[in-house]
Structures are given as C-alpha cells and as structure tokens.
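Report on the following structure.
The values are calculated or read from the model by the stated rules, or taken from the named source; none is laboratory data. Predicted model, so just to flag it, every value in this text is computed and none were measured. Cβ sites come from the backbone with ideal geometry, for glycine too, and all protein chains shown count toward neighbours. Areas reflect the complete protein model, heavy atoms only, side chains present, ligands, DNA and RNA absent. Shrake-Rupley method; radii C 1.70, N 1.55, O 1.52, S 1.80 Å.
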Protein chains: 2
Amino acid sequence: MLKRSLFAIGLLAANAVWAQPKKDYPVQAVNFTAVQFTDNFWLPRMKINHTVTIPASFARCESTGRVKNFEMAAAHSGKFCTTYPFDDTDIYKTIEGASFSLSLFPDKKLEAYIDSLIDKVAKAQEPDGYLYTARTIDPTSPHAWAGNERWVKERELSHELYNAGHLYEAAYAHYYATGKKNLLNIALKNADLVCSVFGPDKRHVAPGHEIVEMGLVKLYRITGKPEYLQTAKFFIEERGHYDKYDAKSKDPWKNGAYWQDEVPVVDQREAVGHAVRAGYLYSAVADVAALTGDEKLLQAIDSIWENVVTKKIYVQGGLGAIPSGERFGDNYELPNATAYNETCAAIAGVYWNYRMFLLHGESKYMDVLEKMLYNGLISGVGLDGKSFFYTNAMQIRNNASHRSMEPARSGWFECSCCPTNLTRLIPSIPGYVYALKGDAVYVNLFVSGNASIPVHGKPVNIVQQNNYPWDGALSFTVSPQKSDAFSLLVRIPGWAGNQAIPSDLYSFTDNQNCKVTISVNGQPVDYILDKGYAVIKRTWKKGDVLKVNMPMNVRRVAANEKVKDDQGKVALQRGPLIYCAEWADNDGKAANILLPADAAFQASFKPDLLNGVEILQSDLPVITVDEKAQTVSTTRKTVTAIPYYAWANRGKGEMMVWFPVKVRDIDIYPTAP
Amino acid sequence: MLKRSLFAIGLLAANAVWAQPKKDYPVQAVNFTAVQFTDNFWLPRMKINHTVTIPASFARCESTGRVKNFEMAAAHSGKFCTTYPFDDTDIYKTIEGASFSLSLFPDKKLEAYIDSLIDKVAKAQEPDGYLYTARTIDPTSPHAWAGNERWVKERELSHELYNAGHLYEAAYAHYYATGKKNLLNIALKNADLVCSVFGPDKRHVAPGHEIVEMGLVKLYRITGKPEYLQTAKFFIEERGHYDKYDAKSKDPWKNGAYWQDEVPVVDQREAVGHAVRAGYLYSAVADVAALTGDEKLLQAIDSIWENVVTKKIYVQGGLGAIPSGERFGDNYELPNATAYNETCAAIAGVYWNYRMFLLHGESKYMDVLEKMLYNGLISGVGLDGKSFFYTNAMQIRNNASHRSMEPARSGWFECSCCPTNLTRLIPSIPGYVYALKGDAVYVNLFVSGNASIPVHGKPVNIVQQNNYPWDGALSFTVSPQKSDAFSLLVRIPGWAGNQAIPSDLYSFTDNQNCKVTISVNGQPVDYILDKGYAVIKRTWKKGDVLKVNMPMNVRRVAANEKVKDDQGKVALQRGPLIYCAEWADNDGKAANILLPADAAFQASFKPDLLNGVEILQSDLPVITVDEKAQTVSTTRKTVTAIPYYAWANRGKGEMMVWFPVKVRDIDIYPTAP
C-alpha cells in the first residue's frame, strides 16, 4: 500500500528506491508512518499491543517450541515440536506486528530481539531459499502434512506457500519500519525460489491457504521485479483448474470450494469456502487487478464483494458463518448460535475492503472496513491485551441445550493464527485513515491525531480532534505550509445517513432522518456528496478548522428477512458501533430481553466501565422465572447494552446482539431433576 | 403360537394334524379363535379394522398397482409398477389381517376376494416356488434393488426373503382361520425352495430384513418339517459373519449394526439397528430358542430384552428412536422432538414380548406388551380406521424452529408397511389374552368377552366383565364344565403397584402406595404373587366370580435422569394409558404447560370425545403470550390431558407427553417480521 510519492518526500525510513509500477490503484494509500494517533480509543490499544500482546506473543512462540523449530531446522536435527507446519508463521506475523509497532514506539530492546529472531530464520533457510521448518528439520521424516517432497501437498495441507506469504508480509513491514534488509533478503531469496519453481511452464498449484499472492505483490512493490507480480497472478489464475474435484459434490472439500478452487477466479461471483483464505485471495485479486488492469479479475472481485455485503456478512462485520471448514455459508445463512466469525477473517476483510476502496474510491468499502474494525475484529482481543477469541460469537446462552461458540477468551490457541494476526493489524491502523487521489485528500477514519499528507508535493498537516467513536462531532485543523487549493473528501458513513450497510442486508428501521452538517471556520458550508464523500474544495490556509457533525443516535437495525435467525429481531447501533446486552449488566441474563418498537434508549459515557464505553439504557420488558421456578412473567427493567467489541471481559455468561421485538412463542427448559 | 392341544380339542377350523414339537415354549398360547371380545374398546377397533381398514388396504393394493404386479408376474410381461420390491408384502399382510378378521366376522364376499387374490399370487409363483414379482415380471430387467440374479442382493436390498416371510405369516393365519390350504401350499412350495437354496453347505446369507425366520417357524409348527426350523436357525446363525463390514466404523450401515449383523446373535447384548428388523429377529430368536433349547440364544435374547426395557423404550412403548435408519439409538438416547417410533416397531415389539412371556411366564413381558398395545401401537391408526402414522411422535410444536415428526396422519404411505401391519395385528389381539401352563391359566389382558380354555382336557368358560382400560374393577366369571381344581394366574400390572416399567428407566414419583384387592364370590382372598401374577388356586365351580380391583390413580412418571430430553419433566399415566396434552383441548397450545409437584388431577369419562375417553384435568400454570406479543405471563388454566393413543384425530397442532415441573429457562421466539 506504500506509495513511492510518500517515500520520495522522506516520510519513510527506507532508503532504497525501485521503479514505480506503471499501473496501480487509482487511489493512493497514505502510509501508517505518516499518521500519529493521540486518541483515547486506538492509541491505548496500540500501546497495550506493544507492551502486552507482542511480548506475550513472542513468549508463546518461545515456550511452545515455535522458535525451537527454527533452531532445529538450522541444525538439521531434532523433531518438529509444535502441532502445525504453519506454526512458523506466528513468528513472522509477530515480527510484522512488532515492526509496525516499532515505528510507533521506538524500542531498541525489541528491535534487537527481532534481529535475533531474524537471524534464526536466516539460519533455518536452505541454501536455495526454501524455508519451512516442518521439512528442513528432518527432510527424511517431515511433518505428516508436509508431504515427502517439497510442494506435493501444497494444495491441501502443507502450507509451504502460506508460510512464504507471511514471511513476505513481515519482511515488507520490517523493511519499511526499520529500513533494515535482513528479513527482506530472506524473503526475496525465498520468493526467487518460488518464482523459479512455479509458473506456466513449471510446476502448477493453486496455493492451499492463500496469502503468498499478497506477499509477492508487496515484494513487487519494493523491488519492481515483474516475476513477483507475474507469479502472484499465476497463482490466482491456477485456481479452478484442478481436475480431481467432484464438481457435483456439495461437500466443499470435495468440490474445491473450501479452497476457492472450484471454478477459475475470473468466473467466481460468490464468496465461498474458508473465510480467511478467501479474504486473502480477494485482497490479492484486487492487488493484481489494480497492477495489471485485468478487467475480468476486477469484475470477479466486484461481484464477490457485492455478494458478501448483500448476503454473507454479520451485522458486526463478521465473516465466515460456518464452523465446519471455518467458511462462508450459503446466501443469507447467518445463524447466531453457531456463528463462527474467525477473528482472522475480519482482519482479512479489512485488508480486502481497503483494497476495494483504493480501486474505486467509494466510501462504502470504508464503511464495511469501519464496521469490522470497531466491532467484530477488536472483539477478538480482550481489554487486557492477552486474551483472545478465535471465533466471535453472536450470542451466548446459559441454557445447556444451546450450542454456543467460545463463551470466554483464551490466552492462545493450538492453531494460534488470530492472536498473532491481531499483533500486526492493530498497529497498522494509522495506515487506513487517509488516502490520496491527485490533490484530493480522503479522510476515511476519524481518530484524534496528526498527519502529514503530501499535496502538490508539499506536506499538509491535518489535526483531528474528536471523541470518536463516542461522539459524532469531528474537528479537523488543516494546515498547508502555505495556502493551497485542494479538496478534502470526508467520508460520510452510511450509519450517519440511513444506511446500516451498503446493501439491503441490514437496514435501519427507526425512520430517523439524520443529517450531517459541515462548517469551515465556523461558517456552514454546503457540500456535495461524491461516492459517499463530502467534497470540501477550497483554498486551504494554515489553521483552517473544518467541523463535521454526524448525529450519533441510537439506531434499530433489522436484517433482511431472508436471514432466518434474525427474523422479528432488532440489533442496536450507535455510530459505527454495534451493541450487545451482556449478563454482567443485566442480572445475569441477556436472552430474556424484549425490544419493543417504541423502546427509547439513553446513551451515557461510563469512564470506569470496560476502559470507558458509551452504554445504552432503556426500560424494557424482560422475561423472568420466579424463585420457585413455577411461574414466568414479564417485568420492566433497566436494560444496559454495551459495545459488542467489549463483551466477555468480565467472565462468562449470556450475551445477545439480536433482540426479539415481539414474542411469538417460547420454549420452556425445565430444571434438572 | 397355536398349540396342538387346542387344535386337538376342536377349537380351530383347521383339519390337518402334524407332529407336535418335542421342545417348545414352557407356556402355551391360547389361540385368538378361543376368545371372543364383547368390549367397548377393542371390539369397535376390530370392527372398523374389518369394515374400513382392510377394505381400504385392499383397495390401495389394487389402485397403487401392487395387485397388478402379481398379474404381470403371472404373464411374464410388463414393468414392475410400484416403488419397492417388498410391495408384494402389503397384499400378504392384508390377507393375513383379513384372515384373522374373518374368524371374528364371517364374510363370504371377503373370503372370495381373498381367494381371488391368492389365485393371482399362485399364478405369479415360478415353477420351482420362487415368488417375487419384482424379478418374475421381467427377469432380464428386474427392479434395481432385486439384483440381476436371485438372492444376490438379499443382504442389503432385495427383500426376497422378507417377502417370503410375510407370505408364510399370511399363509399360517389364513390356514388356521379358514382351514383352506390354497395360500399355505404356495408358502410351503416357496419355503421348500428357500430351504433347498440356503444352508450350511449351500448358499449363505443373513437376511436383510428379518421375518423369514418367524415365518419358517410357523410353517414348522404346521408341518413339523425339521428343515423349516433348521433353516430359521441357520438364518439366525448367519448374522455377524459377513466380512465386508468395517467393524471400526460408527456408521450402522458400514459396521452391519443396521441389520443386526455386526456380531453373531449369540454375542448380541444390545438392541441395535433398524427397529422393525430387530423386533422380528428377536421374535424368531425366542421361537428358535424355545424350539431347540439353545441356551446361548436364550441368554442373548434375555440380555437384549433387558437392554431395551432399561435403556431404549419410550414411555408410551415406542421403539426405535432415530429417524436415520429407523433404528434404535444409543442407551438412553430417547429424544422427544425427533422420536421415530415406527408403528411397525411397536407391532414387532408385541410379537417379541409375547414370545418372551411364553419363554419365562413372567408378567413383566406382558406389562411391556400392554404398554405398547394401548399406547404407541394403536396411536398408529386414527379413530376413523383409515388414517395412519408411520412414526409416532412424542411431541409436536407449532414453533417452526422445532423439527417435528409426522404431525398429522396419512391415508397410506409409499412404503406402506405400517397400515397393512395394523390390519393383521388388530384382529389378532384376542390371542394375547390367555395362556396355559399345565392346569394354570394365565389371564394377561383385561377385555370384556368370553373364552373357552382347555384345562385338564375340558373347556373352562371364562367371562370377563370390566370397563378396561378406564376402570380397574375387573370381574371374571369362571365356569368349568364341572368343578375342577386349577389355578388362575391374574397378571397384576406393574402400574397397579409401583412400577411404571420393569426397570428404572421410568418410575412413579408420586409416592402413592397402591394395593390390588381380590375376592372370590364376594369374599376377600389372600393371594401370593408369583412372577407378577396373583395365583388364585382353588376348586372352581360353574359361575364362580373372581373380582380384582386395581386402583387406577393418576400417576406421575419420571424418566431415568440419563434420558436427557426428559430431565426435570413428568409424564402422566392412568392404568395402562400414557396421557398427552393436545392443542384441541388447551386453547391451541400444549408446549406451554407446567406440571408442578403438587398438581392434582381429576379423571372423568367423556363418552362423546374421541369415541369415549377418560380425560384428566387439573388447574395448572400455563405460560401465555399476550395479544400484543409484548409480555409473557403465567396464568392458571384448566389443562386437559387425553390418552396418548387418541391424539391427532382432530387436526394438526401441538401435543406434549412430557411436562416440565419447574422452569429453569425459556427461549423466546420472535414474531416474523
């Protein structure tokens, strides 16, 4: 996402310049290093990521044997000592996160530790560039998933190219954050091997768990080496040609859909299969479409995005409804009790939606990104920075008859992709705030802080002051070095108007007609909306103050009635946040709350609750069972809702996102004998 | 079940006498022809079976093409025109039912029609005795399940021996009811072929759907031909030796359990697989154990019975919990929402339990038989005699989120085994009332009527006068031709004491201590209980009146707590009847009723309701939703329960057998949007 233009004006530490791609995204990202947060929402999260999550993650890499695997690979002796051959990537991902984090919080000790790890990675790399501890430790007795030869199990199991992809991603971040090439050189050596092995006249495979494609594109951005882009495109084009699948089967493992491998990518129109793999593939498809101008890939990825936002996304931004295969369900198949919503899938969703925005410059992609970021993504990490969800539940019931997904967070997982993925996503968020197209500056996220954006070749300082996501009153102080005419394109989120999501999958049902107002230096300005952005075009002078007011009312959200589990129910949204009711605020229950059509909510900020949250309260009918367990009655109680992302930080108990408006019927669960 | 002794004294119409088996059941059945019902419960059911069910069944055999299949087989031309190769058996079974029924209601027209059908069956039989229209119509293009050669698909699909078994059963009944040999001769010719094809040194197979074993035993009883018994035993011993199954698989089709074929019968200890097949096998095992004295078979069948009554029977006598495979579940796996309970499985259960009684002379087997007969078996046929259940549900919910089994009866089914099985079971019930062991006369069922029982070679007339199952006051007028000393063994049902079923699977929890009182000619008599029977040993003289009073209180039944679905719930029983609450009596709902520990019920007979039933009523807490669907509350209402067997005769709606005592939790179902 880094642009040469930024690079050239010295905002980055890296010191090498390669050729800029001839074709690229029409919109240019503004790199994370150009933006400094000063806010109370994200900055504390990035700090705790730096002080708790990243150290804990490295500690787990050490204690579980992930680091030892590299040491044994260097020595060519021992026995692979963790569970999965892709356990290597937890180190790469934490290095990536630590690299981002280093640019926020310089930390010599951490930098030195990373270097020591990179040294171990380097020693585990085979002379020709191959890097995969699950085989290198003992090639005569590799991990069962690795296959007896290189690459032979890549399609289904080995994750050799998945490891490679995360290596490239880490190398890219490490290089730009530190200017060092020690990890980059390892990555390039590995990438050269991959490009020499795979290709139209060489070995063919559709990588089993996509990400090498994204990674190769990043190496292409650094080096300009066409083979990297070509090989990324080759891997994308390899999908859908494997003739051993059973096209008639409905089993996604048998028909290839699990791997997005059932039809060629250019013919894909629906999001299918493993949601994380899918998200990484779709990100790479956007990259390659942008960098090659391939219209068919563009058509495919536009259609798949449309499919997701109209039929396959949970109201809190979660992707991948189905536990079996961690995958997308059918259209409108979004059950609450068994919602899977892997944290990594939301992270992949952020990557993908940002790329869709860069392709099209439309706010709807950032609306989806914001929905994920503030809800179903950060719900994956506890406020303590060291407890995680692999899946993100949509409801938790006390009742044992209900199957629930993870009701409580864990410190780590055997397959621990999500915690390490969070370490790299959280410190990268500054990179999603601004973007550029010519002399138009996109303001996509609202986070107090400072940024230096190059317009007409000169930095424009923008200071955001707000209390987002709690307050919709936004202030931007715009300071070019000297007065200059350019546009600010401020995203007007769907939620600030009347759109819960850019489709009819979810809609506001409360008939509120919200209006955003904008002023410059105290004078109201009329603005036009273009692709979802308020265009403020003027000659800006130092210290101009742009104010944008987005009413943050409590909104009732209803799902498309084709979503069976949400029929007759509403969810609550305020600003970008989806709310939930949790047991801890509601006398131990949350599944007994009705939300009648006339319910009115009071919002109030509680600084001591859950690190500070705006809560919603209303007197609502609540169904209770008497002490003798002989009668059921409806009483009115003050019900408290908290932001969804903050649930499960106070122990285990009920949590609901969707609330029935009216009761059709009830089920009685008897007391145990 | 027919005994030579009865036969010899002229109680039967048949005119041939063959040798009596050397070994047999210790207890002798008293044949159905020796007992005439005059009661208001069973006699109307047998009448409607004669006037409605049997004619409707024959009409369906004609209209669906089942008769045409025989005509085409006779002509060796055409195309098998129904769905299953075992459709032939619907004709055999209805002939069997009609034969029993003819002995109750002489009917020349029906007898002639049966003869015309038998004539068609005879013409469809191949010269060597083979009889299977699905092949004979066109041997070059047999039904897909039939296999390209005789018997090759018998293990899994063809049902050739199943058809044979039902032919033998029908021939036995027809022969004893009418004295005619036209169907018997067809059966014997077929059985001779079967015995010539299968055996230790001949072709091997474990018959796919058992019944040929029971049928062969019946032909052995008529003819005394040892091959028939030997072949029945051979088929039983064939099970458990097929080496193509995967013993490690948990799939009952892959490990053979579906066919009771996973281990040899002598090693079987648990009821598994398809419940009807199992019931027919277990009946045959009892027959062969009795007729051969095989101790290992006896051990196996005793253990399997123990397994069923302690872990695998529903409270209304239903067998076979699992829809997939129509089979027994695991121990204590008795879910209510998806209970399968095929009507045929209850019928097979009656056959089996009667044989267990004949083996052991203990009342517990008749207790189970009575439970099935009065509850989960006759629930299979509507009061109109022409609407049927294939499965017998344990609960029906209005709520669409609940999967329900058949909520309403059908006229017939594509696989229509149950309706035709009912035609043969209903008119045979008189055969289960009495039995003999030396000069001890067992009185097993309580049905007003007359019987003539041979004691010391002379008929003893017994007249039952009662209002069973509504009233526990029973009167028996015992009239030997001249005074004679013998015992009457009157079954004291478990329910009349403190046993809901002969195991801890279900138990009464109401702490009532019921006591049965007995008098002869107005004088109370002390009696001893032997194997569950009150032994009244005296010199009986003509017109002696024995009165037995069994208190019919309303009892609360609880299931063993290992039955997950019944935890914290109770069922209601009065006399042999299990009750249910149905929508029609309870304002359209039944799933909202609580049954607190202190609930008291009033029983009252309603002559105009459901052909006359004793209903149970109580003021109970009932959970209701208000008209605006905004509140849930508990009110007290008069709840009416009806006998389970009588449900689903007034349209489609909720029905519950198990009621929560206390509420632990509830589920709210919202109204549709």
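Scanning segment A:147-175 for residues that are more than 13 Å from A:V205 (Cβ to Cβ) and aromatic (F, W, Y), we see that the one that is most open to solvent (accessible area, probe 1.4 Å) is A:Y172.
Under the condition of being touching a helix residue (DSSP H, G or I) at 6+ places or on another chain (Cβ under 8 Å) and part of a helix (DSSP H, G or I), which residue from segment A:253-272 is surrounded by the most Cβ atoms within 10 Å (Cβ to Cβ)? Within segment A:253-272, the match that is surrounded by the most Cβ atoms within 10 Å (Cβ to Cβ) is A:W259. Only one entry in B:T38, B:T53 is under 25 Å from the mean Cα position of the chain (by Cα), surrounded by fewer than 16 Cβ atoms within 10 Å (Cβ to Cβ) and at pLDDT 95 or above, namely B:T38.
Can you spot a residue in segment A:337-347 that is in contact with a His (Cβ under 8 Å, 6 or more places away or on another chain), under 21 Å from A:W253 (Cβ atoms) and assigned to a loop (DSSP other than H, G, I, E, B)? Reasoning before the result, please.
The first filter runs over segment A:337-347 and keeps only residues in contact with a His (Cβ under 8 Å, 6 or more places away or on another chain), leaving A:337.
Keeping just the survivors that are under 21 Å from A:W253 (Cβ atoms) gives none.
No, segment A:337-347 has no match at all.
When segment A:497-534 is filtered for residues that are touching a Phe, Trp or Tyr at 6+ places or on another chain (Cβ under 6 Å) and closer than 26 Å to A:G438 by Cβ, the ones remaining, listed by number, are A:I518, A:A534.
When the residues of segment A:591-610 are filtered to those that are buried (at least 16 other Cβ atoms within 10 Å of the Cβ) and either touching a residue at least 40 places away in the same chain (Cβ under 8 Å) or of a type in the set (V, I, T) (or both), which remaining residue is farthest from A:V632 (Cα to Cα)?
Just the residues of segment A:591-610 that are buried (at least 16 other Cβ atoms within 10 Å of the Cβ), to begin with: A:591-596, A:599, A:601, A:603, A:609-610.
Pick out the ones that are also either touching a residue at least 40 places away in the same chain (Cβ under 8 Å) or of a type in the set (V, I, T) (or both) and you get A:591, A:593-596, A:601, A:603, A:610.
Numbers: A:A591: 14, A:I593: 13, A:L594: 14, A:L595: 18, A:P596: 19, A:F601: 26, A:A603: 30, A:L610: 32 Å.
Among those residues, the one meeting the criterion is A:L610.
Of all the listed residues (A:K662, A:K589, A:K569), the sole one being of a type in the set (D, E, K, R), within 30 Å of the chain's Cα centre (by Cα), closer than 28 Å to A:Y506 by Cα and within 11 Å of chain B (Cβ to nearest Cβ) is A:K569. Residues of segment B:219-252 that are in a loop (DSSP other than H, G, I, E, B) and open to solvent by less than 10 Å² (accessible area, probe 1.4 Å): B:R239 alone.
Applying the selection to segment B:384-413, what residues are among the aliphatic types (A, V, I, L, M), away from chain A (no Cβ under 14 Å) and surrounded by 19 or more Cβ atoms within 10 Å (Cβ to Cβ)? Please lay out each step first, then the result.
So the first thing to find is which residues in segment B:384-413 are among the aliphatic types (A, V, I, L, M), and the list is B:393-394, B:396, B:400, B:405, B:408.
Keeping just the survivors that are away from chain A (no Cβ under 14 Å) gives B:393-394, B:405, B:408.
Result: B:A393, B:M394, B:M405.
Scanning segment A:634-645 for residues that are more than 7 Å from every other protein chain (Cβ to nearest Cβ) and open to solvent by 30 Å² or more (accessible area, probe 1.4 Å) yields A:T635, A:R636, A:K637, A:T638. Beta carbons closer than 6 Å, at least 6 apart along the sequence or on distinct chains, pair a first residue in segment A:199-210 that is modelled with pLDDT of 95 or more with a second that is among the basic types (K, R) for A:V205/A:R155; A:A206/A:R239; A:G208/A:R155; A:H209/A:R277; A:E210/A:R277. Take the conditions (1) without any contact (Cβ under 8 Å) to a residue 60 or more places away in the chain; (2) more than 7 Å from chain B (Cβ to nearest Cβ); (3) surrounded by 18 or more Cβ atoms within 10 Å (Cβ to Cβ); A:A648 misses just one of them, which is (1).
What about A:N375, is it open to solvent by less than 10 Å² (accessible area, probe 1.4 Å), in contact with a helix residue (DSSP H, G or I) (Cβ under 8 Å, 6 or more places away or on another chain) and at positive phi?
Here the answer is no, as A:N375 does not meet what is asked.
The criterion of being under 25 Å from B:E295 (Cβ atoms), in the same structural domain as B:Y172 (by TED's automatic domain parsing) and surrounded by 22 or more Cβ atoms within 10 Å (Cβ to Cβ) does not hold for B:A275.
In the set (1) closer than 22 Å to A:F100 by Cβ; (2) at pLDDT 95 or above, the condition left unmet by A:W412 is number (2).
Scanning segment B:472-496 for residues that are touching a Phe, Trp or Tyr at 6+ places or on another chain (Cβ under 9 Å), assigned to a loop (DSSP other than H, G, I, E, B) and open to solvent by 10 Å² or more (accessible area, probe 1.4 Å) turns up B:S483, B:I492.
Name every residue in segment A:619-633 that is surrounded by fewer than 19 Cβ atoms within 10 Å (Cβ to Cβ), facing chain B (nearest Cβ under 9 Å) and part of a strand (DSSP E or B), in order of residue number. If the condition is that a residue be surrounded by fewer than 19 Cβ atoms within 10 Å (Cβ to Cβ), facing chain B (nearest Cβ under 9 Å) and part of a strand (DSSP E or B), then A:S633 is the only one that fits. Quick check on my filter: what residues within segment B:417-463 are part of a loop (DSSP other than H, G, I, E, B), of a type outside the set (V, I, T) and touching a residue at least 24 places away in the same chain (Cβ under 8 Å)? Within segment B:417-463, B:D439, B:N444, B:L445, B:F446, B:S448, B:H456, B:G457 meet the criteria.
Scanning segment A:639-673 for residues that are assigned to a strand (DSSP E or B), at pLDDT 95 or above and in contact with a Ser or Thr (Cβ under 7 Å, 6 or more places away or on another chain) returns a single hit, A:V639.
In segment A:544-561, how many residues are closer than 20 Å to A:F605 by Cβ, assigned to a strand (DSSP E or B) and either open to solvent by 40 Å² or more (accessible area, probe 1.4 Å) or among the basic types (K, R) (or both)? Here the count works out to 2. Tallying residues that are open to solvent by 10 Å² or more (accessible area, probe 1.4 Å), assigned to a loop (DSSP other than H, G, I, E, B) and in contact (Cβ under 8 Å) with a residue 60 or more places away in the chain within segment B:286-324 yields 3. Among the residues of segment B:190-218, the one identified as closer than 19 Å to B:F86 by Cα, open to solvent by 10 Å² or more (accessible area, probe 1.4 Å) and not in a loop (DSSP other than H, G, I, E, B) is B:L193. Among the numbered conditions (1) under 25 Å from the mean Cα position of the chain (by Cα); (2) modelled with pLDDT of 95 or more, the only one that B:K109 does not meet is (1).
Could you go through segment B:349-372 and let me know if any residue there is assigned by TED's automatic domain parsing to the domain that holds B:S428, open to solvent by 10 Å² or more (accessible area, probe 1.4 Å), more than 22 Å from B:Q567 (Cα to Cα) and hydrophobic (A, V, I, L, M, F, W, C). Scanning segment B:349-372, I find at least one residue that is assigned by TED's automatic domain parsing to the domain that holds B:S428, open to solvent by 10 Å² or more (accessible area, probe 1.4 Å), more than 22 Å from B:Q567 (Cα to Cα) and hydrophobic (A, V, I, L, M, F, W, C), so the answer is yes. The sole residue among A:L616, A:L595, A:L609 that is facing chain B (nearest Cβ under 10 Å) and either assigned to a loop (DSSP other than H, G, I, E, B) or within 29 Å of the chain's Cα centre (by Cα) (or both) is A:L595. In segment A:551-563, the residues that are in contact (Cβ under 8 Å) with a residue 40 or more places away in the chain and more than 9 Å from chain B (Cβ to nearest Cβ) reach residues that are aliphatic (A, V, I, L, M) and part of a strand (DSSP E or B) with C-beta atoms within less than 6 angstrom, at least six apart or across chains, in these pairs: A:V554/A:L616; A:R556/A:V570; A:V557/A:A571.
Quick check, is B:D667 among the charged types (D, E, K, R), within 14 Å of chain A (Cβ to nearest Cβ) and surrounded by 17 or more Cβ atoms within 10 Å (Cβ to Cβ)? I'd like the intermediate steps shown before the answer.
Working: among the charged types (D, E, K, R): yes; within 14 Å of chain A (Cβ to nearest Cβ): yes; surrounded by 17 or more Cβ atoms within 10 Å (Cβ to Cβ): yes.
When the stated conditions are applied, B:D667 passes them.
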